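The values are calculated or read from the model by the stated rules, or taken from the named source; none is laboratory data. Computed from a prediction, not measured in an experiment: that's the story for all the values here. Here the Cβ positions follow ideal geometry from the backbone for every residue, glycine too, while neighbour counts run over all protein chains shown. SASA here: full protein model, heavy atoms, side chains in, ligands and nucleic acids out. Shrake-Rupley method; radii C 1.70, N 1.55, O 1.52, S 1.80 Å.
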Amino acid sequence: MDIECLVLGAGQEVGKSCVVVTINGKRIMFDCGMHMGYLDHQRYPDFSMISKSGEFTDSLTCIIITHFHLDHIGALPYFTEVCGYNGPIYMTYPTKALAPLMLEDYRKVMVDRRGEEEQFSSEHIVKCMKKVTAVDLKQTIQVDEDLQIRAYYAGHVLGAAMFYAKVGDAAIVYTGDYNMTPDRHLGAAQIDRLQLDVVITESTYATTYRDSKYAKEREFLKAVHKCVAGGGKVLIPTFALGRAQELCMLLDDYWERMNLKVPIYFSAGLTIQANMYYKIFINWTSKKVKDTYATRNAFDFKNVCSFDRSMINAPGPCVLFATPGMISGGFSLEVFRQWAPHEGNLVMLPGFHIKISISCCLCSKTPTQIRLDQDVFIDVRCQIHQLSFSPHTDAKGIMDLVKFLSPKHVVLVHGEKPKMAALKEKIQSELGIKCYYPANNENLCIPSTHHVKAVASDAFLQSCLCPNFKFLETSSEQDSELAITHNIAMPQLQVYDDRVCEGVLTLQRDQNPKVVNHNELMSALGIKTHEVKLAQCCEVSREFPDYRHEHIYSNMPPLLLKGKMPSQNTSHTVNSCCTSSMAGEELAAKTTTARWKLGGGFELELRFEYEIGGGAERGEMEARWWVFWDEVVLVEDGGQPVVWGLEVAGGGKGDDGT
């Protein structure tokens with residue numbers, strides 16, 4: 001059965017992540033996000049593609065949320081409380097704790113301050129979170145009889161997880177957002193090596209290879225220090241959770257070392273609440289933070305305090321972290337309007353920016369004016385500095401993860417179309433894995449794996465234990481020279497035991513599949529075993545009539561008949577073969593190989609070398625044999641017949657009934 005991926009969001013774009021995956025009849029929604037760049041119907045995924053009737057609870061087995069960012073969870077209260085989904089929802093403990101803060105902060109910004117129509121209420125958020133089941137890392141959850149899920153550490157932000165889902169023999173991993181590089185407050189993504197049909201991975205930085213984080217940190221600190229030393233104000237638009245903590249740790253440490261007294265502020269109380277949860281979920285942080293926790297909590301910042309709106313136009317330098325990170329609204333936009341017109345100020349942009357955001361406009365060029373609404377413009381005279389402190393993995397990290405997991409198929413989401421196309425080609429050419437990057441509202445069908453469990457008979461297992469020796473001579477000139485040069489003893493004969501398991505898979509009605517030894521199969525079918533043996537040979541001369549016809553020798557004794565050979569030879573190809581080798585002085589002894597190939601009709605092919613006229617020339621011929629009950633039929637192949645003595649034991653009939 002195929003695995004279906006219905007991409008409702010983050011298809012060839014960054015925003016409103018939402019992928020509905022159908023695995024062996026189970027339908028899972030991974031993430032339920034909103035697009036931060038739209039205020040119309042494009043803000044949410046098109047949920048009607050899940051169910052035209054609106055029966056979402058019956059249409060979905062469960063919902064899995066990877067982390068608390070709004071582009072991954074922002075539409076969840078709307079989907080559950082307005083659209084009516086009432087089924088199971090899974091996320092990690094930190095995500096469940098932090099998601100209500102993010103959702104309520106967004107609601108306040110959009111409704112209370114901007115006066116937009118309310119999409120969901122505070123009550124909706126509370127009711128939605130009551131439906132959530134929290135999971136721990138590597139905890140296997142049995143959603144129902146067939147579906148099991150498991151969370152793996154993703155880095156990125158506190159509580160972020162990749163999710164493994166398995167139904168029957170089909171298995172996938174949905175990565176959400178992840179980071180393959182550890183930073184100051186979080187570790188790198190970690191996942192087991194799994195047998196997977198599909199990996200659905202983010203591709204935010206599909207073609208970007210990041211510089212050293214230490215070089216970026218030095219550049220960041222230098223730019224901030226230069227601005228405040230000149231009396232300017234530094235605005236750092238960032239999301240309240242993740243980059244804010246990372247950069248606060250960086251600045252707090254630098255302020256301590258440089259003994260700076262310029263104030264560093266958080267906007268409002270959201271980040272202070274977030275820091276409290278970082279202390280609670282300390283086990284989800286980096287190794288360094290955990291190791292030093294007993295003596296000092298890394299999130300107790302000495303030089304960082306909260307910021308009040310009345311301080312926006314206060315004189316003197318300062319550094320301010322304000323949300324949201326893309327300056328799409330909220331306090332960061334309010335501060336930007338006040339500080340952007342002044343040349344001595346600095347706007348430091350540390351994260352990823354969607355195309356239609358103000359932060360993206362500032363990154364792509366240095367505008368002199370930003371248009372907010374139809375009649376509202378902001379003069380931009382301040383300095384703009386962009387540095388990527390994004391918690392997303394880069395192109396190398398994506399390739400490393402895909403190579404490590406080695407799935408049969410890769411689906412790219414959460415990225416920009418041209419860059420996704422380039423990454424797709426790289427994955428297919430370098431890793432040999434089929435890759436796709438579907439657009440929004442596109443349904444992708446991928447073939448899945450179906451395993452058949454078979455039992456093995458005792459005779460088959462015993463045959464697997466039999467040695468299969470191979471001998472390799474190592475007396476080549478190259479080896480001899482190597483031995484003389486390095487004064488080492490080279491073995492003249494190497495012995496290998498390459499054991500091969502040969503069996504037959506049998507399928508019987510109302511019974512499990514079984515692997516048996518070929519002798520067991522012959523016995524079960526009532527067929528006697530045929531053995532073909534190479535007997536002792538002697539050289540005999542005899543006259544033969546014209547060739548190109550059959551000679552039948554019944555109960556033929558073991559002997560070798562010799563006649564004159566024509567120079568032309570015709571080759572035939574038959575089934576699999578065995579090989580025997582001989583050595584000596586006479587004609588029979590100088591035969592180096594003898595092969596017989598047994599097919600359904602017990603066809604036997606002999607191939608050997610011989611001498612013509614005392615050994616000056618060497619020739620080659622092929623003869624084809626059919627072995628029946630107590631008789632050997634030789635079909636001559638272009639010359640006087642040459643017969644090798646055979647003993648034929650047992651009997652039976654070929655497929656043609658002869």
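One table, with the values for the structure above:
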quantity	calculated
Test: residue in region 205-214 that is touching a Gly at 6+ places or on another chain (Cβ under 7 Å) and either surrounded by 24 or more Cβ atoms within 10 Å (Cβ to Cβ) or acidic (D, E) (or both)	yes
Condition met for V21 (open to solvent by 10 Å² or more (accessible area, probe 1.4 Å), assigned by TED's automatic domain parsing to the domain that holds Y152 and aliphatic (A, V, I, L, M))	no
Failed condition for F56, given (1) open to solvent by 10 Å² or more (accessible area, probe 1.4 Å); (2) modelled with pLDDT under 95	(2)
All positions within region 92-131 that are more than 23 Å from D40 (Cα to Cα), of a type in the set (A, V, I, L, M) and touching a residue at least 60 places away in the same chain (Cβ under 8 Å)	A97, L98, L101
Qualifying positions in region 60-84 - open to solvent by less than 30 Å² (accessible area, probe 1.4 Å) and of a type in the set (G, A, S)	G74, A75
Identity of the residue in region 403-412, open to solvent by less than 10 Å² (accessible area, probe 1.4 Å) and in a strand (DSSP E or B), that ends up farthest from A171 (Cα to Cα)	L412
Single match in A244, A240 (criterion: part of a helix (DSSP H, G or I), touching a residue at least 40 places away in the same chain (Cβ under 8 Å), in contact with a helix residue (DSSP H, G or I) (Cβ under 7 Å, 6 or more places away or on another chain) and crowded, with 22+ Cβ neighbours inside 10 Å)	A244
Filter pass, V173 being open to solvent by less than 40 Å² (accessible area, probe 1.4 Å), assigned to a strand (DSSP E or B) and of a type in the set (V, I, T)	yes
Boolean, D300 is more than 36 Å from the chain's Cα centre (by Cα), of a type outside the set (G, A, S), open to solvent by 60 Å² or more (accessible area, probe 1.4 Å) and farther than 30 Å from I358 by Cα	yes
